[in-house]
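Below is one structure, written out as C-alpha coordinates, with a few remarks after it.
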Amino acid sequence: MPEKNLISDKEKEEIRDWLLQLSVNQNQEPVLPTRPCDCGYQIYDASLKCFKCKQTWEPCIITGMPLLKNQIINCQSCGKGALKDAWNTYLQAYPTCPWCNKHAK
Ligand SMILES: [Zn+2]
Ligand SMILES: [Zn+2]
(Lines give C-alpha, C1' and ligand atoms only; values in the text may rest on other atoms or scores of the structure.)
(Ligands and ions follow the chains in the order given, each with its own letter.)
Protein backbone atom coordinates (compact mmCIF):
# COMPACT_ATOMS: atom_id res chain seq x y z
CA MET A 1 0.00 0.00 0.00
CA PRO A 2 1.30 3.51 -0.76
CA GLU A 3 1.82 5.61 2.33
CA LYS A 4 -0.44 8.31 1.12
CA ASN A 5 -2.87 8.80 -1.68
CA LEU A 6 -0.96 9.86 -4.77
CA ILE A 7 -3.68 12.29 -5.72
CA SER A 8 -4.18 15.19 -3.32
CA ASP A 9 -7.59 16.34 -2.24
CA LYS A 10 -7.12 19.47 -4.27
CA GLU A 11 -6.40 17.46 -7.39
CA LYS A 12 -9.33 15.17 -6.74
CA GLU A 13 -11.53 18.21 -6.52
CA GLU A 14 -10.18 19.53 -9.80
CA ILE A 15 -10.73 16.21 -11.54
CA ARG A 16 -14.27 16.03 -10.21
CA ASP A 17 -15.01 19.54 -11.43
CA TRP A 18 -13.53 18.76 -14.78
CA LEU A 19 -15.68 15.64 -15.16
CA LEU A 20 -18.75 17.57 -14.08
CA GLN A 21 -18.00 20.23 -16.63
CA LEU A 22 -17.61 17.62 -19.34
CA SER A 23 -20.98 16.04 -18.62
CA VAL A 24 -22.64 19.46 -18.48
CA ASN A 25 -21.17 20.40 -21.83
CA GLN A 26 -22.32 17.12 -23.33
CA ASN A 27 -25.85 17.77 -22.12
CA GLN A 28 -25.89 21.25 -23.57
CA GLU A 29 -24.39 20.34 -26.90
CA PRO A 30 -25.46 16.91 -28.03
CA VAL A 31 -23.22 15.76 -30.84
CA LEU A 32 -25.29 15.62 -33.99
CA PRO A 33 -24.36 13.28 -36.79
CA THR A 34 -22.84 15.32 -39.59
CA ARG A 35 -21.65 14.72 -43.12
CA PRO A 36 -19.43 16.78 -45.36
CA CYS A 37 -21.11 18.68 -48.19
CA ASP A 38 -19.46 18.77 -51.63
CA CYS A 39 -18.18 22.22 -50.67
CA GLY A 40 -16.44 20.74 -47.63
CA TYR A 41 -18.74 22.33 -45.06
CA GLN A 42 -19.95 19.98 -42.31
CA ILE A 43 -23.73 19.89 -42.21
CA TYR A 44 -26.30 18.03 -40.14
CA ASP A 45 -26.70 14.51 -41.49
CA ALA A 46 -30.43 14.85 -42.20
CA SER A 47 -30.25 18.38 -43.61
CA LEU A 48 -31.68 18.80 -47.10
CA LYS A 49 -29.76 22.01 -47.68
CA CYS A 50 -26.20 23.20 -47.25
CA PHE A 51 -26.24 26.63 -45.67
CA LYS A 52 -22.89 27.49 -47.11
CA CYS A 53 -23.15 26.66 -50.83
CA LYS A 54 -26.99 26.51 -50.92
CA GLN A 55 -26.97 23.10 -52.51
CA THR A 56 -30.17 21.14 -51.85
CA TRP A 57 -31.04 17.47 -51.89
CA GLU A 58 -34.28 15.67 -52.64
CA PRO A 59 -35.58 13.74 -49.63
CA CYS A 60 -35.71 9.96 -49.75
CA ILE A 61 -39.35 8.89 -50.24
CA ILE A 62 -38.97 6.33 -47.43
CA THR A 63 -36.81 7.95 -44.77
CA GLY A 64 -36.91 11.65 -45.66
CA MET A 65 -33.12 11.67 -45.46
CA PRO A 66 -31.22 13.55 -48.17
CA LEU A 67 -30.53 11.60 -51.34
CA LEU A 68 -26.79 11.58 -51.78
CA LYS A 69 -25.58 10.89 -55.30
CA ASN A 70 -23.86 7.59 -54.60
CA GLN A 71 -26.74 6.17 -52.55
CA ILE A 72 -29.75 6.82 -54.79
CA ILE A 73 -31.94 4.18 -56.27
CA ASN A 74 -34.91 5.23 -58.42
CA CYS A 75 -38.31 3.59 -58.66
CA GLN A 76 -38.72 2.15 -62.15
CA SER A 77 -42.33 3.31 -62.28
CA CYS A 78 -42.38 6.84 -60.90
CA GLY A 79 -38.67 7.61 -60.96
CA LYS A 80 -38.72 8.92 -57.40
CA GLY A 81 -35.52 8.47 -55.49
CA ALA A 82 -34.81 6.57 -52.31
CA LEU A 83 -31.72 5.61 -50.39
CA LYS A 84 -30.57 2.19 -51.54
CA ASP A 85 -30.43 0.67 -48.07
CA ALA A 86 -33.87 1.97 -47.08
CA TRP A 87 -35.33 0.90 -50.42
CA ASN A 88 -34.00 -2.64 -50.17
CA THR A 89 -35.19 -2.99 -46.58
CA TYR A 90 -38.58 -1.55 -47.49
CA LEU A 91 -39.05 -3.91 -50.43
CA GLN A 92 -38.41 -6.88 -48.19
CA ALA A 93 -41.55 -5.95 -46.25
CA TYR A 94 -43.70 -4.39 -49.00
CA PRO A 95 -43.81 -5.29 -52.70
CA THR A 96 -44.79 -1.84 -53.94
CA CYS A 97 -43.19 1.57 -54.16
CA PRO A 98 -44.32 3.81 -51.26
CA TRP A 99 -44.73 6.73 -53.66
CA CYS A 100 -46.61 5.40 -56.68
CA ASN A 101 -47.84 2.15 -55.14
CA LYS A 102 -46.80 0.21 -58.25
CA HIS A 103 -44.73 -2.92 -58.09
CA ALA A 104 -41.19 -1.74 -57.87
CA LYS A 105 -39.42 -4.89 -58.99
ZN1 LIG B 1 -22.15 22.94 -49.41
ZN1 LIG C 1 -42.64 4.50 -57.56
Subset of region 56-105 [of a type in the set (Ser, Thr, Tyr), assigned to a loop (DSSP other than H, G, I, E, B) and loosely packed, with under 15 Cβ neighbours inside 10 Å]: SER77, TYR94
Qualifying positions in region 37-64 - more than 16 Å from ligand 2 (Cβ to nearest atom) and without any contact (Cβ under 8 Å) to a residue 12 or more places away in the chain: GLY40, GLN42, ILE43, LYS49, PHE51, LYS54, THR56, TRP57
Odd one out for CYS53 among (1) loosely packed, with under 15 Cβ neighbours inside 10 Å; (2) at pLDDT below 95: (2)
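The values are calculated or read from the model by the stated rules, or taken from the named source; none is laboratory data. The model shown is predicted, which means the values in this text are computed figures rather than measured ones. Ideal geometry is used to build each Cβ from the backbone, glycine not excepted, and the neighbour counts take in all protein chains shown.
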